[in-house]
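Peer 1: Supplied in structure tokens, the structure appears directly below.
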Amino acid sequence: MAMLQVENVHTFYGTIEALKGVSLTVEEGEIVTLIGSNGAGKTTTLRTIAGVSHARAGSVALDGEDITNTPANDIVRLGIAHSPEGRRIFAGMTVRENLEMGAFTRTDRTEVDSDYQRVFDLFPRLKERILQRAGTLSGGEQQMLAIGRALMARPKILLLDEPSMGLAPVLVELVFKIIQDINAQGTTVLLVEQNAHMALSIARRGYVIQTGRIVLSDSAQALAKNEMVRKAYLGEA
Amino acid sequence: MRRSSEGWWYTAKGAARDRNIVTTAGAIALALAFPVINQVLNLGWEAKAIPISLFIVLALGLNVVVGFAGLLDLGYAAFFAIGAYSMAFLTSEVSPFAFVREGQPVNFFIAMLISSAVAACFGVLLGAPTLRLRGDYLAIVTLGFGEIVPLVIRNTPEVTKGTQGMNPIGYPEVPGVHFATDPVPWYYLIVAVLMVSVVLTGRLQRSRIGRAWAAMREDEVAAASMGVNLVTTKLFAFSLGASFSGFAGSIWASYLQVIAPEQFRFDVSIFVLVMIILGGLGNIYGVIAGGLILGFVDRIMFDWFSAIVHGIGRATNNSELELTDTSRMRQLLFGVSLVVLMLVRPEGLFPSARRRAELHAAEESETEAAQERAVIEDIE
């Protein structure tokens, strides 16, 4: 049984159908990536799983239990953490306060303390800036904070929305390296990316989404060799 | 509530904390000694200190709603009115309740608690339908609520005595203390309420719910994704803010002995809002400072000002100047000073560090490029 099972989900913004029946599965321990161009429905898929957007039809299940349209604040308690598009860190709070917010639902204090340690091991930069207001961090640091904040919920599955957005190439590589580390430590990852090349290089499997529909799904290696993917998303002739 | 911040990374701010303790102790001592100072220096401010401190309690309550939770409330005076009328209903000889009229008024202190609870309920009542609203839209709904309450009071004379007002209202009864004739016990009562309010809102700000408010204020969607229940968090802010206002209203009613709908109009809401914006939204000490400054200007400096203007008028035999009603210039002066303040220092006089960071995040992103380079150099 897949850890996360999305089946035939339809999501609307007003009358516009953003997802026209999206199905995907994520197995425990995997990195799965969802690639596609602007407006294809990548972000909406994550938002629907995270309970921020509502599915009008279809179902989302975590460990076999139906969680369709559970409110966002309950979803995080079930073990799904969402690092949203555009980072959306709390600019007025310090780095530490942001991380505290990530652990908002947790009561296991000693475990939370060890998770701070884990986040600071992954992102030594954040430790240096622990009392700095998050709004004054650089873009790369803010992205690290957004991921770290999501990790503080100690999720079973981490939903990452465009972690490479707006970052210098060398930082993109660093962030993807860290995503691999996080996965190696046992967190399942569903990664949404425009940077298909990087995403496919670390993922085990991938889905390609076009105008609200999944058009391809395969192992990441196979997708990277697929002609259509190479043309449309990898910028190769 | 246990805090997770006691780990090894916690950086104690030793000197700053000591300074805070000294300042706080000094302020408390000054507040407690005020009646004595007032008497020794013969200032005659005892009747002015009471409304000033009472309005600071109001400001602290509104600060919970606007400063902490970021919900712009322009109808805060409505809860003040609800608290005041609850007190009147429970203790006045003209109460709509027969048992109160017939000589069994509720004890003042119990009535005070009930009034604040009633106001809190109305806070939830206002909060519930406005949960989905934000910013300007919420402001307009609360503005409407603030107008409706005095109107309802005015138009239901059979219950509230309408424009005629309710009078008299019950006094606190403490053996050996003369609330009826002496303003000093009132002063201490309000200062006690004020101190409780400071401690309570301060603790709340640093608690779990305080962090939920801060997160919600910055980004509702992100806050919900962290597990913050927006519904209960918002309603709690509204009802808590309203309960402070209810407390203040109930004391105000009893102190003044007469309440009428005209006392709870829009300008009261604005006056309190200006206090917290002037002082620094979200910062308790800033809010107190803002309240003190505005209260001082409003109740004391204007007297000086008008004495000076009248004096000049007399000296120059200018009868127009001598008889000028300077209180008419109040609104103008407030307006002008607020405009100037917003241009020069939009975060208020004593902003919280968090708010300053939010307001100036845009400016500081200019340095972002430089930081980015530093990160890249680090990696390479």
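Peer 1: Check whether at least one residue in the range B:131-138 is under 27 Å from residue B:190 (Cβ atoms), of a type in the set (A, V, I, L, M, F, W, C), open to solvent by less than 50 Å² (accessible area, probe 1.4 Å) and touching a residue at least 60 places away in the same chain (Cβ under 8 Å), and report yes or no.
Peer 2: no
Peer 1: Would you check if there is a residue in the range B:187-200 being away from chain A (no Cβ under 14 Å), in contact with a Gly (Cβ under 9 Å, 6 or more places away or on another chain) and at pLDDT 90 or above?
Peer 2: So far as the range B:187-200 goes, yes, one or more of its residues are away from chain A (no Cβ under 14 Å), in contact with a Gly (Cβ under 9 Å, 6 or more places away or on another chain) and at pLDDT 90 or above.
Peer 1: I would also like to ask the following. Are there helices (runs of 4 or more DSSP H) fully within the range B:122-223 with at least 3 residues that are of a type in the set (Gly, Ala, Ser)? List them.
Peer 2: B:135-155, B:183-206, B:208-218
Peer 1: Pick from the range A:123-145 the residues that are aliphatic (A, V, I, L, M) and surrounded by 24 or more Cβ atoms within 10 Å (Cβ to Cβ): which of them is farthest from the other protein chains (Cβ to nearest Cβ)?
Peer 2: A:145
Peer 1: Test each condition in (1) among the charged types (D, E, K, R); (2) more than 8 Å from chain B (Cβ to nearest Cβ); (3) in contact (Cβ under 8 Å) with a residue 40 or more places away in the chain; (4) open to solvent by less than 10 Å² (accessible area, probe 1.4 Å) for residue A:149 and report the one that comes out false.
Peer 2: (2)
Peer 1: For residue A:40, are the conditions met, namely being part of a loop (DSSP other than H, G, I, E, B) and over 14 Å from the mean Cα position of the chain (by Cα)?
Peer 2: Yes.
Peer 1: Do we find that residue A:236 is within 14 Å of chain B (Cβ to nearest Cβ), open to solvent by 40 Å² or more (accessible area, probe 1.4 Å) and of a type in the set (D, E, K, R) in this structure?
Peer 2: So residue A:236 fails the test.
Peer 1: Here are some residues: A:200, A:171, A:191. Which one is open to solvent by less than 40 Å² (accessible area, probe 1.4 Å), out of contact with any Asp or Glu (no Cβ under 7 Å at 6 or more places or on another chain), without any contact (Cβ under 8 Å) to a residue 60 or more places away in the chain and not β-branched (Val, Ile, Thr)?
Peer 2: A:171
Peer 1: While we're on this one: If residue B:197 satisfies every condition in (1) farther than 18 Å from residue A:72 by Cα; (2) of a type in the set (Gly, Ala, Ser); (3) free of Cβ contacts under 8 Å to residues at least 40 places away in the same chain but one, which is the exception?
Peer 2: Of (1) farther than 18 Å from residue A:72 by Cα; (2) of a type in the set (Gly, Ala, Ser); (3) free of Cβ contacts under 8 Å to residues at least 40 places away in the same chain, only one is false for residue B:197: (3).
Peer 1: Further, regarding this structure: Scan the range B:264-271 and tell me whether some residue there is more than 14 Å from chain A (Cβ to nearest Cβ), surrounded by fewer than 23 Cβ atoms within 10 Å (Cβ to Cβ) and either more than 26 Å from residue B:350 (Cα to Cα) or in contact with a strand residue (DSSP E or B) (Cβ under 6 Å, 6 or more places away or on another chain) (or both).
Peer 2: The answer is yes, given that some residue of the range B:264-271 is more than 14 Å from chain A (Cβ to nearest Cβ), surrounded by fewer than 23 Cβ atoms within 10 Å (Cβ to Cβ) and either more than 26 Å from residue B:350 (Cα to Cα) or in contact with a strand residue (DSSP E or B) (Cβ under 6 Å, 6 or more places away or on another chain) (or both).
Peer 1: For residue B:277, are the conditions met, namely being surrounded by fewer than 20 Cβ atoms within 10 Å (Cβ to Cβ) and farther than 18 Å from residue B:82 by Cβ?
Peer 2: So residue B:277 does not fit the description; no.
Residues checked against (1) of a type in the set (A, V, I, L, M, F, W, C); (2) without any contact (Cβ under 8 Å) to a residue 40 or more places away in the chain; (3) farther than 16 Å from residue A:212 by Cβ:
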position: A:24; (1), (2), (3): yes, no, no
position: A:27; (1), (2), (3): no, no, yes
position: A:31; (1), (2), (3): yes, no, yes
position: A:34; (1), (2), (3): yes, no, no
position: A:42; (1), (2), (3): no, no, no
position: A:45; (1), (2), (3): no, no, no
position: A:52; (1), (2), (3): yes, yes, yes
position: A:55; (1), (2), (3): yes, no, no
position: A:59; (1), (2), (3): no, no, yes
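Peer 1: To continue, here is another question. Does the range B:95-113 contain any residue that is aliphatic (A, V, I, L, M), open to solvent by 80 Å² or more (accessible area, probe 1.4 Å), assigned by TED's automatic domain parsing to the domain that holds residue B:229 and closer than 15 Å to residue B:250 by Cβ?
Peer 2: There is at least one residue in the range B:95-113 that is aliphatic (A, V, I, L, M), open to solvent by 80 Å² or more (accessible area, probe 1.4 Å), assigned by TED's automatic domain parsing to the domain that holds residue B:229 and closer than 15 Å to residue B:250 by Cβ.
Peer 1: Which of (1) in contact (Cβ under 8 Å) with a residue 24 or more places away in the chain; (2) at negative phi; (3) open to solvent by 10 Å² or more (accessible area, probe 1.4 Å) is the odd one out, the single condition residue A:66 does not satisfy?
Peer 2: For residue A:66, the failing item is (1).
The values are calculated or read from the model by the stated rules, or taken from the named source; none is laboratory data. Quick caveat: nothing in here was measured; it's all calculated off a predicted structure. Every residue, glycine among them, receives a Cβ derived from its backbone with ideal geometry; neighbour counts consider all protein chains shown. Keep in mind that these areas ignore ligands, DNA and RNA; they rest on the heavy atoms of the full protein, side chains included. Shrake-Rupley method; radii C 1.70, N 1.55, O 1.52, S 1.80 Å.
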